[in-house]
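Enquirer: This is the structure I have questions about; it appears just below.
The values are calculated or read from the model by the stated rules, or taken from the named source; none is laboratory data. Since the structure is predicted, the reported quantities are computational estimates derived from the model, not experimental observations. Cβ coordinates were reconstructed from backbone atoms using ideal geometry, including for glycine residues, and neighbour counts include every protein chain displayed. Accessible surface areas use protein heavy atoms only, side chains included; no ligands, DNA or RNA. Shrake-Rupley method; radii C 1.70, N 1.55, O 1.52, S 1.80 Å.
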Amino acid sequence: MKSSDAATVPAVPAVSHATFGAALSLLAVVAGVAMDVLAKTAAITAAPSQIALLRWSYCLLLLVPLLIVTRVKPGSPWRRIHLWRALLNIAATFCLYVGLATLPLSVVAAVFYVEPLAAMILASYFLREHLGWWRWLGVAIALVGILMMTGMGDLRLDPMILVPMAGAIAWGSMQVITRAAGRSDNVLALMFWLAIATTIGMAPVAALQWAPLTARDHLLMLGVAGLGTLYSLLALQTLKLAPVRVLATISFLSLPVAFLAGYLFFGEHLTWLAGFGGAGVLGGVALALRPGRKAPAPAREPLAPRDDLPRRQG
C-alpha cells in the first residue's frame, strides 16, 4: 500500500471518558439490582441497621485483600473528603431506615429518586456542569415514569416524606463531593475509609436491634456485600471519569431493571401503567444523556491583501 493511500484511512475514534463512564454506570445498576435480588432471596429477618452493618463489615473483608494485592495505600483517614462522605452516607442510611419504617416501600423508593436529581442540580451549581434544556426535560420525563411505576397517584402530603427526601439529598451531595474532591484519589482507598466509618457509625444502632442469624444467612450477606462493593467501585470510577449527570441519569434505570428482576425471579407482575412508566424512564434517560452540540470553531480572519502590506521605501 502506498503512503498516500495509508494517509486516507480514517482513524478509529477512541472511546471517550464519558462513554466509558456510562458503561460502568450501567454495570453498576445491574450489580445493585442483583444485590437486591440476592438479599430478597435470602429472606433475612433482621433489622435494616443489622443488615447495613454486615454489608459494610463484609465489605471490609473484601477490600483489605484487594488493597494488599494492588499495593494501594489508603492514605490518611483524617482528610475532609472521608469525613464528609462518611457523615453523608450514615445520614442517608439512617433516613432510609426511618422512611422504610414509617412509609410504604414504593413511596420511599420513588422519593429516593430525588438523589440523582439533587446530584445534577448541585453539580451544575458547584461544579459548573452545564445542563441543557433537553437534559432537564429528560430528567422530568424519567421522574414521571418512576411515579407511574411506583403507583403514587394517591400520595398524600405526609411530613415524614421529608425524611427520605433528606437522605436522597445527602447521597446526591456525596456524589458531588466525590466528583469534586476525589478525582485524584484511588477508588479502593475511598471505599476503604467509607466502609470503616459507616461500620463504626452503624454498630451502636445495630447492637440495639441485633437478631441471631444462621450460617446460610451470613453466606448470603457476604454475597450481598460483594455485589454492593462492586456497585460502589463502579459508581466511584464513573464519577472519576464522567460528569455527575452520567451516573445520575443512568441510575434511573435501576427501578425498571428491578421491576424486570421481580418479574423474572419472583413472579411479580407488571401493570400497563408500570410498563408505560418504564418506557418513560428509558426515554428520559436517553434524552438526558444526549450529547450536547459542540461550539463551532471561531472563523479565522482573512489575510490582508498584498497591496495593504507595508512597502519598502527605496
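Enquirer: Just to verify a number: what accessible area does CYS95 come out at with the full protein assembly present, 1.4 Å probe, Å² rounded to tens?
Expert: 20 Å²
Enquirer: If you count, for each residue, the other Cβ atoms within 10 Å and average over each peptide, how do 222-235, 115-128, 64-77, 245-258 line up from highest to lowest?
Expert: Listed from highest to lowest mean packing, they are 245-258, 222-235, 115-128, 64-77.
Enquirer: Shifting gears a bit: How far, in nm, would the chain grow between ALA286 and THR271 when pulled straight, counting 0.36 nm per residue and subtracting the alpha carbon separation?
Expert: 3.1 nm
Enquirer: So what's the net charge close to ASP217: Lys and Arg +1, Asp and Glu -1, counting the other residues with Cβ under 15 Å from its Cβ?
Expert: +3
Enquirer: Let me ask another. Under a 1.4 Å probe, what is the accessible area of the stretch 32-84 per residue, stated in Å²?
Expert: It amounts to 60 Å² per residue over the stretch 32-84.
Enquirer: Follow-up question, since we're still on this one. Over the stretch 207-257, average the accessible area per residue using a 1.4 Å probe and give it in Å², no decimals.
Expert: For the stretch 207-257, the solvent-accessible area averages 40 Å² per residue.
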